[in-house]
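Have a look at the structure below before the remarks.
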Amino acid sequence: MRTMNELAVLESESIMTRSLLLPLLAVLLVATMSPTARADADGWSDTARWSEQRALFREAWTRAGRGDVQALRDAIARLGDYPLTPYLAFELRRQRLGEFDADSMSRFLARYRDWSFHDRLRAAWQLHLARTGRFDALERFAPGSDRAEVRCLLLRDRLAEGDSDGLVEAVRPLWLSPVSQHSACDPLFAWWRRQGQPDPGIAWERFGLAVEAGEYGLAGYLRRYLDPADRPFADGWLRLARRPSGGLSDALGWPDQPRARQLVAWGLHRLAASDWESALSWRQRFAGRMSFAADEIGPADRRIALFRAVDLDPGAIATIDALPDDQVDAQLLQWRMRVALVGGDWAEVLESIERMPAADQLDGRWRYWRGRALAALGRPEAGLVLATLAGDPDYYGFLAALKSGQPLTLCPRELPADGALQRRLLRDAEFERALELYRVGRVFDARWTWNRVADRLRVAELEQAALLAAAAGWHDRAIFALARAGALDAYPWRFPLLERERIEAHARQHGVDPALVLGLMRAESAMQPDARSSAGARGLLQLMDGTARATARRFGLPYRGPSDLYDASRNIALGVAHLGELGERFDGDFTRVAAAYNAGPAAAERWQQVRRGLPADIWIETLPFYETRDYVPRVLAFATVYEWQLGRSPDVLARHVLGQAQPAARFACPETAGAAAADAVSAQ
C-alpha cells in the first residue's frame, strides 16, 4: 500500500501532459455517419479503452460517498494515469483534510488550479485551517477567503496577537451584512462595538440591507444601534415592508424631510408591484404633503406606470406619457405597445415601436408588430415589412411568412467532420477529461471543464467539438457549442431527433403532436436526459417530482421517485401523459398548454380569463411573466423546426397561433436567403 506522502504527491505530470490518441477508425466513423446517427451514436469513441478504469472510478466514488476512504486509496493506487484519478485524490483530501500537511496541499492545489474541484477543495481547506487555528499556514498558502467565518477567525487571531492596527476598518464590511453572520464573528463584533462602532450611518445602512433582504428580525435587533431620531423612521420602514398600505397610512403624519420622503417613496415602489391602483392612490395623497424631488419619487412613479401597463389597464398609456423622458425606457415602451395591442389601437402600437431605440426596432419581435400595425392601418409598406421578416427562421419570421403567403425559410447547413481537427481535440487532455467526466456521470464537473475548453476554441474547433459531443450523446453541449460558433443553421445537430419512436407512440396515445413534444423538450432540457433545474425539475421534459408522481398515479405508470426522471423512457411516458392532460384542460390550444407547462395551469387559466378573446399572437405577447412570454414562442419555433425534421409541412403555428390551417404552407430555402438568416433562431 502507498504511504500517505506518496498519495499526497500523486499529481504526476503525466496526467496533465499525456496525449491520448483515439483510433483513426473512430474519427472516420464520425466523419461518415449521417447527422442523426452522429447525434445518436454511443460507441464511436474510445469508451472501451477506459471501461475497466471507469467502472472502478464509479465504484470508488460511490463508496467514498458512504465514507469509505479506503476505497479511494485503493482506486488511486490501481488507476494509474486514468484521466480522472486526480478527482479521487481530491475527494480523499476533502474527506481527510487533517492528514495532509500544508506544503502537500498547496502543491496539489497549485497543480490542479485549472480543474473543476480546485475552488471547492481550497475553500474547504481554508475553513479547516481557520477552525484548527493554523493561521500562519492559512495566510501563507491560502489567503483571500470569501467566507465570513474564515475571515472572522483570522481577524480574531490578529486581535489575540495584539495586532489591532486597521482592525476597525477591516471588521466594518463583515458587520455590514444583510443577514446574521456566523457565530465565530460574535467575539470580533463585540470588540468592535467596544471601539464605539457602528456609527449611526453604518447602522442605518445595515438596517436597510436587512429590510431589503426580508430579514425583519435582524432589522429589529439592529434598531438599538440607530440614532434615536431615526428609530421612529426605522419602525415605519418595517411596517412599510410588512404591510405597505398600513405603513403608508402611518406615514401621513410624518414631517416633510428627506428620510421621510425616502421611505414613503420606497413604500410606494414596493406596493406598486402587488397593487398599482392602491399605490397610485397613495401617491396622489402624498403629492400635497411632501415635496418630492424627481430623483426621490421617480422610481416609484415609473414602477406604478409599469405595473399599470402589465395589468393592461387602458390608462397606462397616459400614465407612461406623463413621466419625464428620462424615466421612459425600452421596457416601458414595450408595455405601452402591449396595452395598445389589447385595446386595438394600432396607431399607438406603431408610435410605441417608433419611440424605441433604433437597435431595438430591428429585432424580429418589433418588426413583426410593426408589420401587423401597418397592415391594420392599411399602410402599403406593411407587405414589405412582413415579406422581409419572412426570411428569418424564428417564431416571428415564421409567422410573417404564413401571414404573407411565403414559404417558411429553413436553410440547413451541413457540418462535415474534420478528422484531423477532431483528432487534435481528442489529444487535448482537458477536452478528453470533459468527455470522460460526462461518461462517469460527474455532470457538474464535466460541464465546468467543457465550458473552460470552449472558451479557448476557435469557430472551426467548436463545430467539431459539437459533433464529438453529439456523438457521445452530450446534446446540450453540442447545441451550445454550435450557438457559440454561430452555426445556428446546423439544424440536424441543434435539433436532434431523440427517442423518436417512443415519443410518437406516447403522443398518439395521448393525442399530442410529436413535434410539439420535441419542441418543448428542446426548450426545457436542450435534449439532455440528465438535466436538472435549480427548482428540482428533472430529465428531458423537466418534470417535478410531484407532477410525475400524480401523473403516474392517474395513469397507472411505474414511478419510484425522482431518479426515475433521468430515464428517458420514464420521463417521456410521464411527460407526454401530463401534456395530454393539459391539452384536454385547455381544449387542445398549445399556446395555453405551453404557458401552463412553464408557469403552472392556474396562472395560464388566470391569463386566459383576463385576455379572453384576444388573438393568440397578442395573447402570448401580453403575458405578464417575461420568462413565459419568451418561452411560448421559443417552444413553438422549435416545434416548427421539428416539423421540418420529421418531414412534415409547417402546421403548428398556423393552427395554434393563427387559428387556421394553411395546407399550402411549406418549408423552403430560397436561393437568395442562403444561410444568412439563420442567426434568428434562439441559440438556447
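The values are calculated or read from the model by the stated rules, or taken from the named source; none is laboratory data. Keep in mind that what you see is a predicted model, and the values were worked out from it rather than measured. Every residue, glycine as well, gets a Cβ built from its backbone with ideal geometry; the counts of neighbours run over all protein chains shown. Note: areas computed on protein heavy atoms with side chains; ligands, DNA, RNA excluded. Shrake-Rupley method; radii C 1.70, N 1.55, O 1.52, S 1.80 Å.
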* Asked: For the range 68-92, how many residues meet the condition of being part of a helix (DSSP H, G or I), open to solvent by less than 10 Å² (accessible area, probe 1.4 Å) and either of a type in the set (Phe, Trp, Tyr) or touching a residue at least 40 places away in the same chain (Cβ under 8 Å) (or both)?
  -> 7
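Say we look at the range 522-546 and pick out the residues that are among the hydroxyl-bearing types (Ser, Thr, Tyr) and part of a loop (DSSP other than H, G, I, E, B); which of these is nearest to PHE495 (Cα to Cα)? Don't jump to the end; show me each part of the working.
Filtering the range 522-546 for residues among the hydroxyl-bearing types (Ser, Thr, Tyr) gives 525, 533-534.
Narrowing further to those that are part of a loop (DSSP other than H, G, I, E, B): 533-534.
Numbers: SER533: 20, SER534: 24 Å.
The selected residue is SER533.
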* To do: Mind counting the residues in the range 622-654 that are without any contact (Cβ under 8 Å) to a residue 40 or more places away in the chain, open to solvent by 40 Å² or more (accessible area, probe 1.4 Å) and assigned to a helix (DSSP H, G or I)?
  => 3
* To do: Tell me, please, whether a residue that is buried (at least 22 other Cβ atoms within 10 Å of the Cβ) and part of a loop (DSSP other than H, G, I, E, B) can be found in the range 607-621.
  => no
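Specify which of the listed residues (ALA420, ALA434, ALA387, ALA400) is part of a helix (DSSP H, G or I) and touching a Leu at 6+ places or on another chain (Cβ under 6 Å). Full working, then the answer.
Numbers: ALA420 fails: touching a Leu at 6+ places or on another chain (Cβ under 6 Å); ALA434 fails: touching a Leu at 6+ places or on another chain (Cβ under 6 Å); ALA387 fails: touching a Leu at 6+ places or on another chain (Cβ under 6 Å).
None of the other options fit; the residue is ALA400.
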* Asked: Residues of the range 493-514 being outside any loop (DSSP other than H, G, I, E, B) and either under 18 Å from ALA568 (Cβ atoms) or open to solvent by 20 Å² or more (accessible area, probe 1.4 Å) (or both), which ones?
  -> ARG500, GLU501, ARG502, ILE503, GLU504, ALA505, HIS506, ALA507, ARG508, GLN509, HIS510, PRO514
* To do: Would you mention how many residues in the range 160-192 are crowded, with 16+ Cβ neighbours inside 10 Å and either in a helix (DSSP H, G or I) or among the β-branched types (Val, Ile, Thr) (or both)?
  => 11
* **the range 178-196: number of residues that are closer than 30 Å to GLY267 by Cβ and touching a Phe, Trp or Tyr at 6+ places or on another chain (Cβ under 9 Å)** => 2
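Matching residues to (1) over 24 Å from ARG338 (Cβ atoms); (2) in a helix (DSSP H, G or I); (3) in contact with a Phe, Trp or Tyr (Cβ under 8 Å, 6 or more places away or on another chain):
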{"residue": "GLU205", "(1), (2), (3)": "yes, yes, no"}
{"residue": "LEU209", "(1), (2), (3)": "yes, yes, no"}
{"residue": "GLY217", "(1), (2), (3)": "yes, yes, no"}
{"residue": "LEU222", "(1), (2), (3)": "yes, yes, yes"}
{"residue": "ASP235", "(1), (2), (3)": "yes, yes, no"}
{"residue": "ARG239", "(1), (2), (3)": "yes, yes, no"}
{"residue": "ASP256", "(1), (2), (3)": "yes, no, no"}
{"residue": "ALA272", "(1), (2), (3)": "no, yes, yes"}
{"residue": "GLU277", "(1), (2), (3)": "no, yes, no"}
* From ARG355, ARG336, grab the single residue that is closer than 24 Å to SER281 by Cβ, among the basic types (Lys, Arg) and either surrounded by 18 or more Cβ atoms within 10 Å (Cβ to Cβ) or in contact with a Leu (Cβ under 8 Å, 6 or more places away or on another chain) (or both). => ARG336
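Tell me the residue from SER249, SER281, SER245 that is farther than 30 Å from THR622 by Cα, among the hydroxyl-bearing types (Ser, Thr, Tyr) and out of contact with any Pro (no Cβ under 9 Å at 6 or more places or on another chain), please. If you could, list the steps in order and put the result at the bottom.
On the way: SER281 fails: farther than 30 Å from THR622 by Cα; SER245 fails: farther than 30 Å from THR622 by Cα.
Of SER249, SER281, SER245, the one residue that is farther than 30 Å from THR622 by Cα, among the hydroxyl-bearing types (Ser, Thr, Tyr) and out of contact with any Pro (no Cβ under 9 Å at 6 or more places or on another chain) is SER249.
Quick check: anything in the range 455-470 in contact (Cβ under 8 Å) with a residue 40 or more places away in the chain and either in a loop (DSSP other than H, G, I, E, B) or within 20 Å of the chain's Cα centre (by Cα) (or both)?
Pass one, the range 455-470, residues in contact (Cβ under 8 Å) with a residue 40 or more places away in the chain: 460-461, 463-468, 470.
With the extra rule that they be either in a loop (DSSP other than H, G, I, E, B) or within 20 Å of the chain's Cα centre (by Cα) (or both), the set shrinks to none.
No.
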* Asked: Can you name every residue in the range 95-113 that is in a loop (DSSP other than H, G, I, E, B) and in contact with a helix residue (DSSP H, G or I) (Cβ under 7 Å, 6 or more places away or on another chain)?
  -> ARG96, PHE100, TYR112
* So is ARG553 touching a helix residue (DSSP H, G or I) at 6+ places or on another chain (Cβ under 9 Å) and modelled with pLDDT of 95 or more or not? -> no
* Would it be correct to say that GLU605 is modelled with pLDDT of 95 or more, charged (D, E, K, R) and out of contact with any Pro (no Cβ under 9 Å at 6 or more places or on another chain)? -> yes
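Tell me which residues, restricted to the range 300-314, are open to solvent by less than 20 Å² (accessible area, probe 1.4 Å) and within 21 Å of GLU621 (Cα to Cα). Spell out the reasoning first.
Going residue by residue through the range 300-314, those that are open to solvent by less than 20 Å² (accessible area, probe 1.4 Å) are 300, 304-306, 309.
Across the range 300-314, the qualifying residues are ILE304, ALA305, LEU306, ALA309.
Hey, can you tell me all the residues within the range 527-550 that are over 14 Å from the mean Cα position of the chain (by Cα), small (Gly, Ala, Ser) and farther than 17 Å from ARG477 by Cα?
Here is the first cut: in the range 527-550, the ones over 14 Å from the mean Cα position of the chain (by Cα) are 527-530, 538-541, 543-550.
Those still in the list that are small (Gly, Ala, Ser) too: 539, 546, 548, 550.
GLY546, ALA548, ALA550, listed by residue number.
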* Read through the list (1) open to solvent by 10 Å² or more (accessible area, probe 1.4 Å); (2) part of a helix (DSSP H, G or I), then give the number of the only condition that ASP146 fails. => (2)
* Asked: Looking at the range 274-282, is at least one residue crowded, with 17+ Cβ neighbours inside 10 Å, within 33 Å of the chain's Cα centre (by Cα) and either within 11 Å of LEU248 (Cβ to Cβ) or modelled with pLDDT of 95 or more (or both)?
  -> yes
